[in-house]
Amino acid sequence: MERLERKMVNGNVYYYYSNWAWRNGKCRRVWQKYLGKLEDIAKAVGGSIPTPDFAEIFEWGLSSALWQETVRAEVIGTIDRLCPKRNQGLSTGEYLAITAINRASDPKSKRGIWEWFCQTVLLRHFPIASKNLLSSQRFWDHMERINSNTAKKIWESIIRGVIEREKIDLSSLSYDGTNFYTFIDTFNAKCPIAIRGKNKQGRSNLRQVSYALFCTSDGHIPLYYDVYPGNRNDAKQFPLLLRRFHSFFKQLSGNGKPPKTTIVFDKGNNSADNFALIDLLKLDYVGSVKLSEHKELADVLNEDTAFISHESSGLEGCKAFRVGKKVYDKERTLVVCYNQKLFNTQLLTVQADIEKAVARLSALQKKLQDRADGLIKGGRPPTKASVERQCKSILSRQYLEGLITVTVTTPKDVIPRLSYYIDGDALKKLSNTYLGKTILITSRKEWDDEMIIKAYRSQYVIENVFKEMKSRRDGTWWPLHHWTNSKILVHGLYCTIATLMRSLILRRVTIAGVKISLSRLLTELRGVREVINIYPRKRGEKQPRQQTTISKTTKLQEQLVSILQLKQQKEVSAT
């Protein structure tokens, strides 16, 4: 039985909606719901909407997607199993999971993580997290609990589970190495891993850390990584990593026999010893060799009839022919390729280099003439040797020494004279031979030329991964505010986990048929936010009423949320 009850409280009239039932022979109230004053009921009947006191807004889309992947990959459980601690505060696995998600979404220094964290729905998944628990010192304390061997075991356990669960195709892998510059002080002796070397971003004046990666063509999944000293040459580091990777790769199958795969790498890793090791390990490969080491093939005219077009196979502007040749003490298959797009790019580069070199030579020529005419008198007089050194520096770019002929003479006045000219015949020969040409080397002689070319072109996969890691907008590596070996190695671990989480999300979206870049994917998911409206607390309520909703989404955002199966938190009301 239901009733509308009228009650007088402190001179005010309030109404309640109640339910009554017989209990032990007596009519008892089972429950009641407060309706408010008469004017409150009138407003409700009239359809007026209550105004919330305020709203809380949290980043929902990207954080939820990354958290979901972290749970699927069992990141926290794996780390806690290999690096246990007593049940106090957040676990080591939870600290690294938070850091990895931050790196994958909005990279911050350890000092700035709480400010980011408290504005995401991760608060729901880590209810005991606080500003004190997420301080820099707490992160550093837990990073110290992970040594290099433990970090290696953590990664191998995580990636093994991902491969088994996601059925990752391991038939084609790309390998490459890069480096990241740091701002570690020159005299810091606690960090021998950060050493000056040839930096790929042009910051060779800074200490750097090197990073190598084996990556799958299927979904750009990082498979195996290593962090090592910044002065290690690629060709010298390659055999060390190859042995470690081969051992790890054998374990993936469980029976000691590695899955059939083809490793794609660039010519920076070439050496006789490295190819001997590849042969010893019985690994299939696709790589490239320097044109200068095979001049008889590089000198084949680009219009030669030996080339066979492969445009019908989707390789636009590409033609090739293959030969067998003894390379690195063994008969190997070489595929000579010509790519029209590559030719156009290289020709423009050569022309730009010529223009810059001519401008610098002209300025040097005028300077020498002005000194001979007495217009320049101060400073040390130039010598023939010093002018030749300057010319060599000006012509240091590839091909320039063969395209621009320079002559330095010393007349009676002792001031050297400079003359130069562009060799048109040399430029024409270069355009008809070397430009646009690549020579591939492979053990896959049973493949046709098209398959070999497409396999080598898959190298762009790992180049994109490095590009994304180094991005100042969405990169996972920056900022690096650590200056000890142990912390930098752990930094490499959670940055690679972040890259893995991103790759898995992008792979799911791609498989579902949505063609989108990683940058666009991250931007779209970041734009999906959770809004929690907080309403005034009513009489008898212990907690204020809440209403949770998602911000207005575009069609693409709705599609991404559906593909990734992100679940919105249900509306929560006080009882």
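For a Förster distance of 41 Å, can you work out the FRET efficiency between the beta-carbons of Leu240 and Thr345, rounded to the nearest 0.05? Write down the numbers at each step before the final one.
Details: r = 34 Å, r/R0 = 0.83.
Efficiency for this residue pair is about 0.75.
So for segment 268-408, averaging the separation of alpha carbon pairs under 8 Å that are six or more residues apart and normalising by length, what relative contact order in percent results?
Values: 87 pairs, mean separation 19.3, N = 141.
Value for segment 268-408: 14 percent.
Show which aspartates and glutamates lie in cross-link reach of Lys445 when reach means a straight Cα distance below 20 angstrom and same-chain residues fewer than eight apart are skipped.
Asp266, Asp279, Asp284, Asp329, Glu331
Relative to a virtual label point 7 Å from the Cα of Ala306 in the Cα→beta-carbon direction, which members of segment 335-361 show backbone nitrogen distances below 13 Å?
335-338
What distance in nm separates the simple spin-label points at Asn149 and Gln201, each placed 7 Å from Cα in the Cβ direction?
For Asn149 paired with Gln201, the spin-label model returns 3.4 nm.
For Ile57, project a label point 7 Å along Cα to C-beta. Then give me every residue of segment 548-569 with its amide nitrogen under 16 Å of that point.
548-554
Tell me, what is a quarter of the convex hull surface for the C-alpha atoms of segment 288-447, in nm² with one decimal?
Working: hull surface 49.6 nm².
Result: a mean projected hull area of 12.4 nm².
If amide H atoms are built 1.01 Å from N in the plane of the peptide, which residues on other chains or at least 5 residues away come under 5 Å of the amide H of Ile404?
Residues meeting the amide H criterion: Asp423.
Could you tell me what fraction of 2.2 N^0.38 Å the Cα radius of gyration of segment 1-49 comes to, as a two-decimal ratio?
Working: Rg = 13.3 Å, N = 49, 2.2 N^0.38 = 9.7 Å.
Taking the Cα Rg and dividing by 2.2 N^0.38 Å, one obtains 1.38.
Tell me the angle of helix 485-511 to the major Cα principal axis of the chain, expressed in degrees between 0 and 90 and rounded to the nearest ten.
So the helix axis and the longest Cα principal axis differ by about 80 degrees.
By count of other Cβ within 10 Å, fewest leading, how are Met1, Met451 ordered?
Working: Met1 9, Met451 15.
Neighbour counts put them in this order, fewest first: Met1, Met451.
Please give the FRET efficiency for Thr523 paired with Arg111, using the beta carbon to beta carbon distance and R0 = 25 Å, rounded to the nearest 0.05.
Values: r = 25 Å, r/R0 = 1.02.
For Thr523 and Arg111, the calculated efficiency is 0.50.
Taking θ as phi - 60°, what are the ³J(HN,Hα) couplings along segment 154-167 by the Karplus curve (6.51, -1.76, 1.60), each to the nearest whole Hz, with x for Gly and Pro?
Residue by residue, segment 154-167 yields 4, 5, 4, 5, 5, 5, 5, x, 5, 4, 5, 6, 8, 6 Hz.
Given charges of +1 on the Cβ of Lys and Arg and -1 on the Cβ of Asp and Glu, with all other atoms neutral, how large is the dipole of the chain about its Cα centre, in debye to the nearest 20?
Numbers: 92 positive and 58 negative charges, 454 e Å.
Taking the Cα centre of the chain as origin, the dipole is about 2180 debye.
Sorted from fewest to most neighbouring beta carbons within 10 Å, what does the list Val323, Val408 look like? Write down the numbers at each step before the final one.
Numbers: Val323 15, Val408 19.
In order of increasing Cβ crowding within 10 Å: Val323, Val408.
Quick one: 3J(HN,Hα) in Hz for segment 112-121, Karplus 6.51/-1.76/1.60 with θ = phi - 60°, rounded, Gly and Pro as x.
Values, residue by residue: x, 5, 4, 4, 6, 4, 6, 9, 10, 6 Hz.
Fewest to most neighbouring Cβ within 10 Å: what's the order for Leu96, Leu375? Walk me through the numbers on the way to the answer.
Values: Leu96 28, Leu375 10.
Placing the least packed residue first, the sequence is Leu375, Leu96.
Among the DSSP beta bridges whose two residues both lie in the chain, what percent are antiparallel, rounded to the nearest 5?
Working: 73 of 80 bridges.
Given both bridge residues lie in the chain, the antiparallel proportion sits at roughly 90 percent.
What FRET efficiency, computed as 1/(1 + (r/R0)^6) with R0 = 25 Å and r the Cβ-Cβ distance, is obtained for Glu2 and Glu39, rounded to the nearest 0.05?
On the way: r = 23 Å, r/R0 = 0.90.
The calculated FRET efficiency here is 0.65.
May I ask you to order 519-525, 397-403 by the average number of other C-beta atoms within 10 Å around their residues, highest value first?
Details: 519-525: 18.3, 397-403: 16.1.
In decreasing order of mean packing, 519-525, 397-403 become 519-525, 397-403.
Mind giving me the nanometre distance, one decimal, between the label points for Ile128 and Tyr328, set 7 Å out from Cα along Cα→Cβ?
Result for the modelled spin labels: 5.3 nm.
Cα-based Rg of segment 365-448 per 2.2 N^0.38 Å, rounded to two decimals? Walk me through the numbers before you get to the answer.
Numbers: Rg = 20.3 Å, N = 84, 2.2 N^0.38 = 11.8 Å.
Dividing the Cα radius of gyration by 2.2 N^0.38 Å gives 1.72.
Please compute the contact order of the chain in relative form: average sequence separation of alpha-carbon pairs under 8 Å and at least six residues apart, divided by the residue count, as a percent. Working shown, then result.
Working: 865 pairs, mean separation 104.2, N = 575.
It rounds to 18 percent for the chain.
Quick check of the Kirkwood formula: for the chain, what is the inverse mean of 1/r over all pairs of different Cα atoms, in Å? Mind showing how you got there, number by number?
Values: mean 1/r = 0.0341 Å⁻¹.
Hydrodynamic radius (Kirkwood, Cα only) of the chain equals 29.3 Å.
Going down the table (Lys110/Lys542; Lys131/Lys153; Lys108/Lys131), which pairs top 26 Å between alpha carbons?
Violating the 26 Å Cα-Cα cut-off are Lys110/Lys542; Lys131/Lys153.
Remind me, relative contact order of segment 394-538 in percent, using alpha carbon pairs under 8 angstrom and six or more residues apart? Mind dumping the intermediate values first?
Details: 64 pairs, mean separation 13.3, N = 145.
Relative contact order of segment 394-538: 9 percent.
Mind giving me the nanometre distance, one decimal, between the label points for Ser362 and Asn464, set 7 Å out from Cα along Cα→Cβ?
Going from the Ser362 label point to the Asn464 one covers 4.2 nm.
Calculate for the chain the 222 nm mean residue ellipticity that helices alone would give, adding -39,500 (n - 2.57) per DSSP H run of length 4 or more and normalising by residue count, nearest 500 deg cm²/dmol.
Details: 20 runs with 234 residues, N = 575.
For the chain, the value works out to -12500 deg cm²/dmol.
Using the Cα gyration tensor of segment 444-575, with a ≥ b ≥ c the square roots of its eigenvalues, what is the shape: rounded (a/c below 1.5), prolate (a/b larger than b/c) or oblate (neither)?
Numbers: a/c = 3.57, a/b = 1.81, b/c = 1.97.
The shape class here is oblate.
Using only Cα atoms, locate the centre of segment 358-372 and the centre of segment 470-487, then give the distance between them in Å, rounded to an integer.
Measuring centre to centre over Cα atoms gives 45 Å.
Rounded to the nearest 20 Debye, what is the dipole magnitude of segment 1-49 about its Cα centre when Lys and Arg each give +1 and Asp and Glu each give -1 at the C-beta?
Details: 10 positive and 4 negative charges, 62 e Å.
Here segment 1-49 has a charge dipole of around 300 debye.
Which pairs in the list Lys325/Lys429; Lys267/Lys467; Lys198/Lys326; Lys43/Lys538; Lys295/Lys384; Lys470/Lys552 are over 26 Å apart, alpha-carbon to alpha-carbon?
Values: Lys325/Lys429 24 Å; Lys267/Lys467 19 Å; Lys198/Lys326 32 Å; Lys43/Lys538 15 Å; Lys295/Lys384 33 Å; Lys470/Lys552 32 Å.
Violating the 26 Å limit, Cα to Cα: Lys198/Lys326; Lys295/Lys384; Lys470/Lys552.
Readers should treat all values here as calculations from the given coordinates under stated rules, not as data from a laboratory. Since we're looking at a predicted model, the values are computed, not measured. Reconstructed Cβ throughout: ideal geometry from the backbone, glycine too, with neighbour counts over all protein chains shown.
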